[in-house]
1. For labels at A:SER62 and A:ARG81 in the simple 7 Å Cα→Cβ model, what's the distance in nm?
2. Compute the relative contact order of chain B as a whole-number percentage, counting only Cα pairs closer than 8 Å that sit 6 or more residues apart in sequence.
3. What list of ³J(HN,Hα) couplings, whole Hz, do you get for the range A:30-43 from phi and the Karplus terms 6.51, -1.76, 1.60, once you set θ to phi - 60° and write x for glycine and proline?
4. Have a look at B:LEU114, B:SER80, A:LEU91 and report the one farthest towards the positive end of the charge dipole of the protein assembly as shown, computed about the Cα centre with Cβ charges (Lys/Arg +1, Asp/Glu -1).
5. Roughly how many debye, to the nearest 20, is the charge dipole of chain A about its Cα centre, given +1 on each Lys and Arg Cβ, -1 on each Asp and Glu Cβ, and no other charges?
6. I'd like the FRET efficiency for B:GLN71 and A:LYS17, computed as 1/(1 + (r/R0)^6) with the beta carbon distance as r and R0 of 45 Å, rounded to 0.05.
7. Taking the Cα centre of the range B:9-91 as origin and charging only Cβ (+1 Lys, Arg; -1 Asp, Glu), how large is the dipole, in debye to the nearest 20?
8. Can you pull out the GluC sites (Glu not before Pro) in the range A:1-107 whose DSSP state is coil and whose Cβ has at most 15 other Cβ atoms within 10 Å?
Amino acid sequence: GAGVSQSPSNKVTEKGKDVELRCDPISGHTALYWYRQRLGQGLEFLIYFQGNSAPDKSGLPSDRFSAERTGESVSTLTIQRTQQEDSAVYLCASSLHKGGAGYTFGSGTRLTVV
Amino acid sequence: AQSVTQLDSQVPVFEEAPVELRCNYSSSVSVYLFWYVQYPNQGLQLLLKYLSGSTLVKGINGFEAEFNKSQTSFHLRKPSVHISDTAEYFCAVIPTGGGNKLTFGTGTQLKVEL
């Protein structure tokens, strides 16, 4: 597609429920990233996919967080047993290749856990 | 590892005045540098980037930044701001040698007033 598409744009969920966030990267972009942005804070790296290589999961905050990507297409970020501290904007980005190309970001999913 | 410091969390400025948003970084390896802008309820948009060559980089919307290797800085400037420049601005770096994720600063909120 023309840009990085994320869905849903907003999600309100009850504490303890599981949520799934979706990211559709730009066609042909081999690299895909998930970041978390808490209110009033910077961007926190979560996970990185590059082609068919093993993902870099070093930023995932707990085992309640997981992500998948099939090939160079859609990625889903799953948060199990959501907690109030999971409330944030989850941003997805893709790039043509790693390094200096810079990222193209989606508009994000605003997750609110009540 | 890399780190990015944006010392000013908020910068108020009157319309048509000049502005400088400061960014300093720390890295044991050479890096590419980026500035992103985030308008309310939107994702991040690339303003400009420094990869190599001239240390003065021009970006969109009249912004420019200067890379200073000795001071490890990449300050963002605009000679005359507009109300529409009100947004959050993020500085970010990535290693030139193939790093796989951008490291972001905590952001600077630019508020342009009449």
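1. 0.7 nm
2. On the way: 283 pairs, mean separation 42.8, N = 114.
Here the relative contact order equals 38 percent.
3. 7, 9, 9, 10, 10, 10, 10, 10, 7, 3, x, 10, x, 8
4. Ranked along the dipole, the leading option is A:LEU91.
5. Dipole magnitude for chain A comes out near 160 debye.
6. Numbers: r = 48 Å, r/R0 = 1.08.
The computed FRET efficiency comes out at 0.40.
7. Charge dipole of the range B:9-91: 320 debye, to the nearest 20.
8. On the way: sites: A:GLU14, A:GLU20, A:GLU44, A:GLU68, A:GLU72, A:GLU85; in loops: A:GLU14, A:GLU72.
Counting only loop positions with at most 15 other Cβ atoms within 10 Å, the GluC sites (Glu not before Pro) in the range A:1-107 are A:GLU14.
We did not get these values from a lab; they are worked out from the coordinates using the rules stated. Just so it is clear, the structure is predicted and the values come from calculations on it, not from any experiment. In this analysis, Cβ positions are derived from the backbone assuming ideal geometry, glycine residues included, and neighbour counts consider all displayed protein chains.
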